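Here the structure is laid out as structure tokens; the discussion comes afterwards.
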């Protein structure tokens, strides 16, 4: 059977390993990540207020770094999940993505989570839900989610979550809106790639952890933003989730950013004037009304 959202026969011609190998597609990836680490350390040192390493679960990686635009700690909040195919990355390397929101007087909480193969992808989804519940309780309001690559997958998962089944006192729309940056919403294609060495997914398990296979409640708001220089699979992933969820009553947008690859797509998050930051902060302010 063709995979979700793909033209029949296309799976016979695509090299899925290459389509999802973003490091190979962007040779200067190491220099980009080194820049992220330096900029993140600088931002943490300069931010007006920060609550670092706030635990939301028992493991050392289950923490939130909450970066505030001022010492009052009363700002709307965006919850961010980093990428790395659920097997790489550390939240401290991504503090820099908060710069644009902070410049618009919106806080950002950057979530850590355990990685495969130490835990399953289903466990990581559960941890993302725990992070959102913890943050909402701490700030006393619903939150907007945003995530990059694997983090886009977790963002989409939060929008589909039946929150009262996980926490009876939670709002049904605890995470009413989200923005996925180069997200993987249909996980099944990864089963046929070397990425599955750590993920350890069967096709059936991959479908079970794919937000594209879940129902999204009507009224949710989701933007899928993709770099114009990304592989055809990442473009498909974004188009498919927005088209599919629109038929279920969600408000969706698909956006391609020209001259942007899988890693430089994070750069607009550092600019308070960018359309991406304007969109995120508008969503964050809107759910506090």
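The values are calculated or read from the model by the stated rules, or taken from the named source; none is laboratory data. Just so it is clear, the structure is predicted and the values come from calculations on it, not from any experiment. Note that each Cβ is placed from the backbone with ideal geometry, even for glycine, and that neighbours are counted across all protein chains shown.
So here's what we get for this one:
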| item | result |
| --- | --- |
| Yes/no for residue 112 being within 14 Å of residue 64 (Cβ to Cβ), under 16 Å from the mean Cα position of the chain (by Cα), at pLDDT 95 or above and buried (at least 24 other Cβ atoms within 10 Å of the Cβ) | yes |
| So residue 23, is it within 21 Å of the chain's Cα centre (by Cα), part of a loop (DSSP other than H, G, I, E, B) and within 27 Å of residue 188 (Cβ to Cβ) | no |
| Which numbered condition residue 57 fails, given (1) out of contact with any strand residue (DSSP E or B) (no Cβ under 6 Å at 6 or more places or on another chain); (2) closer than 24 Å to residue 149 by Cα; (3) in a helix (DSSP H, G or I) | (3) |
| Residue in the stretch 250-257 that is surrounded by fewer than 16 Cβ atoms within 10 Å (Cβ to Cβ) and out of contact with any strand residue (DSSP E or B) (no Cβ under 7 Å at 6 or more places or on another chain) present | no |
| When residues of the stretch 240-289 are limited to those that are at pLDDT below 95 and not in a helix (DSSP H, G or I), the one farthest from residue 152 (Cα to Cα) | 289 |
| Options 260, 281: the member that is out of contact with any strand residue (DSSP E or B) (no Cβ under 6 Å at 6 or more places or on another chain), surrounded by 19 or more Cβ atoms within 10 Å (Cβ to Cβ), over 14 Å from residue 160 (Cα atoms) and in contact (Cβ under 8 Å) with a residue 12 or more places away in the chain | 281 |
| Qualifying residue in the stretch 205-220 (condition: closer than 30 Å to residue 104 by Cβ, part of a loop (DSSP other than H, G, I, E, B) and in contact with a helix residue (DSSP H, G or I) (Cβ under 7 Å, 6 or more places away or on another chain)) | yes |
| Members of the stretch 154-198 found to be in contact with a strand residue (DSSP E or B) (Cβ under 7 Å, 6 or more places away or on another chain) and not in a loop (DSSP other than H, G, I, E, B), listed by number | 154, 155, 156, 158, 159, 177, 178, 179, 180, 181 |
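So that you can scan it fast, the table gives a plain yes or no per residue for (1) within 29 Å of residue 275 (Cα to Cα); (2) crowded, with 17+ Cβ neighbours inside 10 Å; (3) in contact (Cβ under 8 Å) with a residue 40 or more places away in the chain; (4) more than 12 Å from the chain's Cα centre (by Cα):
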residue	(1), (2), (3), (4)
128	yes, yes, yes, no
149	yes, yes, yes, no
161	yes, yes, no, yes
184	yes, yes, yes, no
190	no, yes, yes, yes
194	no, no, yes, yes
199	no, yes, yes, yes
213	no, no, yes, yes
231	yes, yes, yes, yes
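Yes or no, residue by residue, for (1) assigned to a strand (DSSP E or B); (2) modelled with pLDDT under 95; (3) under 19 Å from the mean Cα position of the chain (by Cα):
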residue: 14; (1), (2), (3): no, yes, no
residue: 45; (1), (2), (3): no, no, no
residue: 61; (1), (2), (3): no, no, yes
residue: 67; (1), (2), (3): yes, no, yes
residue: 80; (1), (2), (3): yes, no, yes
